[in-house]
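The values are calculated or read from the model by the stated rules, or taken from the named source; none is laboratory data. Small disclaimer: the values here were computed from a predicted structure and weren't measured. Positions of Cβ are backbone-derived with ideal geometry, glycine not excepted, and every protein chain shown enters the neighbour counts.
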Amino acid sequence: MNKLKLVYFDIDGARGEAARLAMVIGGVPFADDRVKFADWPDRKADTPFGALPVLELDGQTVAQSNGINRYVGKLAGLYPDDAWQAALCDEAMDAVEEVATRVWSTMSLPAAEKKAQRESLAAGPLAFSLDRLQLRLVAHGGQYFADGRLTVADLKVFVWISHLRSGRLDHVPVDLPDRVAPRLVEHHDRVKEHPAVKAYYAGRKVAA
C-alpha cells in the first residue's frame, strides 16, 4: 500500500490528533502534512468540505475526522471487528465530536459573547457530556470504551480531555474534567503512559 498522508493543522491536538496517534501506535507509515494557519486560506478550496483533517491515498481523499479515525484504526488494529463493539467505539467518538463542535463554534465570536457562551456550555452541555462519557466508560469496564482494549475511541477521548485541561480554551475551567469526570482523567493518564504515545510526545517535545 502506498503511504498515507494526513493533512491537518500544525498543532498537537484537536480533530486530527487521534488519527496521528493511531498510525503511530499501529506502525502505519504516513506523511504528517502540518498546515500552517497562514497557509490555510490558500489550501482550503482543495479540501472536500473546506475543512481539515483530510486523509490522502493514491490521489484520492477522505474527510471527516471520525471516518478517518475508523479507517486508520482498522489499519492500525485499533478498531473493533465485532459490529457491536465497533458501534460502542463510534458512540464515544461521536459524543466527543458533537460537544467539541459546539465549543469550537464559538471560536470567532466577539469576546463578550464567546465568554457567555463558553461559560454556559461548560456549566451545561459540556459537563453533561463528560459525565455521560464517564458513565459509558464505567459501564464497559472502566478501562476502555470498546472491545476491552485500546481503540481509536480511547484516543479521541484522550485528545479531548487533554485539550480541556490545557488552558487553551478561554472561559472553560481547566479543572472541569477533574471535577465532573475523574474516571476520564484516569483514562487520559493511562493512555498518556502508553509507550508509543509517550515516545511520540517526547519526540514532539510537547505535553499531552
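A single entry from 153, 199 fulfils the requirement of being touching a strand residue (DSSP E or B) at 6+ places or on another chain (Cβ under 9 Å) and closer than 16 Å to residue 17 by Cα: 153.
Residues checked against (1) out of contact with any helix residue (DSSP H, G or I) (no Cβ under 9 Å at 6 or more places or on another chain); (2) aliphatic (A, V, I, L, M):
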{"site": "72", "(1), (2)": "no, yes"}
{"site": "76", "(1), (2)": "no, yes"}
{"site": "92", "(1), (2)": "no, yes"}
{"site": "95", "(1), (2)": "no, yes"}
{"site": "115", "(1), (2)": "yes, no"}
{"site": "140", "(1), (2)": "no, no"}
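A single entry from 198, 156, 192, 114 fulfils the requirement of being buried (at least 19 other Cβ atoms within 10 Å of the Cβ) and within 22 Å of residue 11 (Cβ to Cβ): 156. For segment 107-121, the criterion of being in a helix (DSSP H, G or I), modelled with pLDDT of 95 or more and under 26 Å from residue 71 (Cα atoms) is satisfied by no residue at all. Only one entry in 100, 51, 45, 86 is within 28 Å of residue 165 (Cβ to Cβ), at pLDDT 95 or above and either within 12 Å of the chain's Cα centre (by Cα) or in a helix (DSSP H, G or I) (or both), namely 100.
Would you pick out the residues in segment 71-83 that are surrounded by fewer than 19 Cβ atoms within 10 Å (Cβ to Cβ) and part of a helix (DSSP H, G or I)? Full working, then the answer.
Let us first name the residues in segment 71-83 that are surrounded by fewer than 19 Cβ atoms within 10 Å (Cβ to Cβ), namely 71, 74-75, 77, 81-83.
Once the filter is applied, which keeps residues that are surrounded by fewer than 19 Cβ atoms within 10 Å (Cβ to Cβ) and part of a helix (DSSP H, G or I), segment 71-83 yields 71, 74, 75, 83.
Inspection of segment 122-138 identifies no residue that is in a helix (DSSP H, G or I), modelled with pLDDT under 95 and either assigned by TED's automatic domain parsing to the domain that holds residue 169 or at negative phi (or both). For segment 139-153, residues that are surrounded by 13 or more Cβ atoms within 10 Å (Cβ to Cβ) and assigned to a loop (DSSP other than H, G, I, E, B) total 7. Assessment of segment 32-48 against the conditions (among the aliphatic types (A, V, I, L, M) and either surrounded by fewer than 16 Cβ atoms within 10 Å (Cβ to Cβ) or over 25 Å from residue 158 (Cβ atoms) (or both)) yields at least one matching residue.
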